[in-house]
Amino acid sequence: MDDYAHHILDDGQTTISNYLLNHYHKIGITNQELFIYLLIKGNHDLLIPMPEMADLQKQTGYSEQQLFNLFHQMIEKKLTRITQVSIEGQQVDAYDFTAMYEKLALVKSSETDDSSDSQATHKIVDSTQRQAVFESIEKEFGRTLSPIEMESISQWLDIDHYSPELILMALKEAVLNQVYNLKYMDRIISNWYKKNLKSPQQIEAYKKTRHNNQSTDISNEYDGPDIPFINLSGNSDK
């Protein structure tokens, strides 16, 4: 083995749980956040000493502000927190990713507890469908989704089990009303669920029935000029 290969192996290897790779979107981790986690973890998983920002800038090409924002996002989403660890007898600042793995464990637990029910009643949303939902919402909103918005959509798909078709129907309603936010879409879907409307077919049937009722009410209303009363009996009130 030549010196070049030895040099590569001497740098060591970074390993990561396949379960984390397969489910990181479900706990609200963005691609950029996962990338940063992989770069800094080394041989660690939970307690990771804070990296030198200058080194991380060279590795990623990100600015210091971009890196700061990414770490801040992960702290806000309770994926990590700042703590201290002892290295060679000295206390140094570190990131504690225990909360991230606790969230991942909840996903695993939920899948184990509800595996039979969820497989029977919910269709699995594949990566293509998931990506289509994210891209459709970004296109209609005319902007990139924030990490919190991405987490909310993931919860719709993975925890609430809203179908992609239902989410896109709610998106259409929001766009028609010129309201471009997820809270409005969530209210639309919640309102459908209160009426026990959980499929596109049920929603379309309900909308059609409501439209027909409104049309009937309008047709029964006379909107012409006032018609004078004519007494044909010849009698007049005294």
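Please treat every number below as a calculation from the coordinates, not as lab data. Since the structure is predicted, the reported quantities are computational estimates derived from the model, not experimental observations.
Table for the structure above
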item: Quotient of Cα Rg and 2.2 N^0.38 Å for the stretch 145-214, N being how many residues it contains; result: 1.14
item: For the stretch 62-73, 3J(HN,Hα) per residue [Karplus equation, 6.51 cos²θ - 1.76 cosθ + 1.60, θ = phi - 60°, Hz, x = Gly/Pro]; result: 7, 6, 4, 5, 4, 5, 4, 4, 5, 5, 5, 4
item: Cross-link reach list, lysines versus Lys139, counting only Cα pairs under 27 Å and skipping chain neighbours closer than eight places; result: Lys26, Lys77, Lys123, Lys172, Lys183, Lys198, Lys207
item: In Hz, Karplus ³J(HN,Hα) per residue of the stretch 190-201 (6.51, -1.76, 1.60; θ = phi - 60°; x = Gly, Pro); result: 4, 5, 5, 5, 4, 8, 6, 9, 10, 9, x, 5
item: Other-chain or far-sequence residues with amide H under 5 Å of Gln84's (modelled H); result: Ala94
item: Shape of the stretch 11-102, Cα gyration tensor, a/c cut at 1.5; result: rounded
item: Amide H partners (placed H, <5 Å) of Leu47, local residues excluded; result: Phe97
